[in-house]
1. So which residues in region 133-172 are without any contact (Cβ under 8 Å) to a residue 12 or more places away in the chain and more than 22 Å from residue 202 (Cα to Cα)?
2. Could you check how many residues of region 119-138 are surrounded by fewer than 18 Cβ atoms within 10 Å (Cβ to Cβ) and either modelled with pLDDT under 90 or not in a helix (DSSP H, G or I) (or both)?
3. Kindly indicate whether any position in region 8-20 is modelled with pLDDT of 90 or more, hydrophobic (A, V, I, L, M, F, W, C) and in contact with a helix residue (DSSP H, G or I) (Cβ under 9 Å, 6 or more places away or on another chain).
4. Cβ contacts < 7 Å: first residue over 23 Å from residue 64 (Cβ atoms), restricted to region 208-234; second residue polar (S, T, N, Q), any location; separation 6+ or different chain. Result?
5. Just to be sure, is residue 159 part of a loop (DSSP other than H, G, I, E, B), crowded, with 20+ Cβ neighbours inside 10 Å, among the polar types (S, T, N, Q) and modelled with pLDDT under 95?
6. Could you list, in sequence order, all residues of region 23-63 that are over 22 Å from residue 97 (Cα atoms), modelled with pLDDT of 90 or more and surrounded by fewer than 17 Cβ atoms within 10 Å (Cβ to Cβ)?
7. Regarding region 194-203, can at least one residue be identified that is under 22 Å from residue 61 (Cα atoms), surrounded by fewer than 16 Cβ atoms within 10 Å (Cβ to Cβ) and of a type outside the set (A, V, I, L, M, F, W, C)?
8. Which ones in region 174-188 are in contact (Cβ under 8 Å) with a residue 24 or more places away in the chain and part of a loop (DSSP other than H, G, I, E, B)?
Amino acid sequence: MKALQSLSVLVMTLILLLGAALPAFAGDKYCSKAPTAKTYDIHIYGNTFKDANAKKHMAQGLTDLYRDVAIGDRIKVYNHNATGYDLSLDQCVPGCPDVTLIESLWNNSCSAEVAKRDRKAFNQRFAVATMSDINRDNSSYDIFKAIQDLNDVYKGGHTNNIVAVAISMIPDGINPTDPKAFNRFYVTTVPSLDLSLEFPPVCTIGTSPSSEVMKFWKEVFLLKNVKFDFKPCNRDAP
């Protein structure tokens, strides 16, 4: 119960920190043409998070990732579920770029007050897009379909976008610390598994740190000749 209460507090804090909902802003006027501008593809598998602590870990990871985005970066949020996925957010981070005093005298195309209002609205949309579909009713999911769906977004193609994936990587109903459960699951499901996978480089958010989870997927991906290194989005992989 305390864990659930902590999660609720964290989610509400995330939304409040990111700002209250305000009027919509004009589409892509904030997109940066600078060579340093980035595009983030953020894939949310909220249905794979059942444990309250895992949900809290996911929320914190998303918050950490969001702190790294810059004004003018494009954010694309994909929400995955049992039937497929939807692109729930595709907009650029609002804000006025830093300019010198001289530049500000002849270029006033960006209103700081309007940008501030738009950023608050964008923050709210990001919070809702990333946290609204977490598993609240203990519904079942197919972890292999989730992985295949990620592949299908890119269909083996290359992307220069930063691909961040919020997914637990825990097969439904499996205790992430029980090696015997993973062994049984592997024997009964993996030999006949039909997966066609070719990912771009990805980083993960909220993925279970259990050594059994890591071991299981390394064996699966080795069998399928897939590179997926579980690099956390907020730091370099160990």
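1. 136, 137
2. 4
3. Taking every residue of region 8-20 in turn, none turns out to be modelled with pLDDT of 90 or more, hydrophobic (A, V, I, L, M, F, W, C) and in contact with a helix residue (DSSP H, G or I) (Cβ under 9 Å, 6 or more places away or on another chain).
4. 212/177
5. no
6. 60
7. There is at least one residue in region 194-203 that is under 22 Å from residue 61 (Cα atoms), surrounded by fewer than 16 Cβ atoms within 10 Å (Cβ to Cβ) and of a type outside the set (A, V, I, L, M, F, W, C).
8. 176, 177, 178
The values are calculated or read from the model by the stated rules, or taken from the named source; none is laboratory data. Owing to the predicted nature of the structure, the values given are computational and were not obtained by experimental measurement. Don't worry about glycine lacking a Cβ; one is built from the backbone with ideal geometry, like all the others, and counts go over all protein chains shown.
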